[in-house]
1. Would you look at the GNM of the chain, springs on alpha carbons closer than 10 Å, and say which of SER34, SER67, SER92 moves the most?
2. About the Cα centre of region 5-111, what is the dipole size in debye to 20, counting +1 per Lys and Arg Cβ and -1 per Asp and Glu Cβ, all else neutral?
3. Show me, for region 26-43, the HN-Hα J-couplings you get by feeding each phi into the Karplus relation (A = 6.51, B = -1.76, C = 1.60, θ = phi - 60°), rounded to Hz, glycine and proline as x.
4. Which whole-Hz ³J(HN,Hα) couplings does region 2-13 yield from phi under the Karplus relation 6.51 cos²θ - 1.76 cosθ + 1.60, θ = phi - 60°, glycine and proline marked x?
5. Counting just the Cα atoms, what span does the chain cover along each of its three principal axes? Round to the nearest Å and put the largest first.
6. Give me the extension gain from ARG7 to LYS27: residue separation times 0.36 nm, minus the current Cα-Cα distance, reported in nm with one decimal.
7. Picking from PRO99, PRO108, PRO53, which is most flexible by a Gaussian network model of the chain using Cα springs under 10 Å?
8. For a quick check: with amide H placed at 1.01 Å from N, whose amide H comes under 5 Å from GLN37's, ignoring anything fewer than 5 positions away on the same chain?
Amino acid sequence: MSYSRTRYGKLTAATPKVTPTGTVEFKTTIANVSGPQDDEVVQVCARELSDRPNRPLRQLVAFRRVSLAPGAHTVVDLSIPTSELRHWDDASGASRVDPCAYAFDVGPASDQPELSTTVTVAP
């Protein structure tokens, strides 16, 4: 529980497309807008934007703990290997990253997304 209020700013992806073996790079700004010293855990969840069955609603792919003094703000850099998006494929008997669009949601918890952006994994 925190007595501070954290505000999430703009979320930007370095590139709108990556390869299945690439890395997704994000930047977001967070600020402690009221209250005492705050330790915020910035969570990134991914969800596949496809109609494939048996895919999770969202999966945690990265997180970063950030300490903020009262009134302070900082830029948070997040680097996520696309291998974090892999799943088991019964047909091939191996794990794989599906080439499609993925939404990346950023916020203090998986059920509290503050910001979202889309990145496409292209073959």
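1. Sorting by GNM fluctuation, first place goes to SER92.
2. Approximately 200 debye in magnitude.
3. 10, 9, 9, 10, 10, 9, 8, 8, 6, x, x, 3, 10, 10, 9, 9, 7, 10
4. 10, 9, 9, 10, 9, 10, 9, x, 4, 10, 10, 9
5. Extents along the principal axes, in whole Å: 53, 27, 20.
6. On the way: separation 20, 0.36 × 20 = 7.20 nm, distance 1.44 nm.
Separation in residues times 0.36 nm, less the Cα-Cα distance, equals 5.8 nm.
7. PRO53
8. Close amide H contacts, sequence-distant or interchain: none at all.
All of the numbers you see were taken from the coordinates with simple rules; none came from a lab. Quick caveat: nothing in here was measured; it's all calculated off a predicted structure. All Cβ positions, glycine included, derive from the backbone under ideal geometry; neighbour counts span all protein chains shown.
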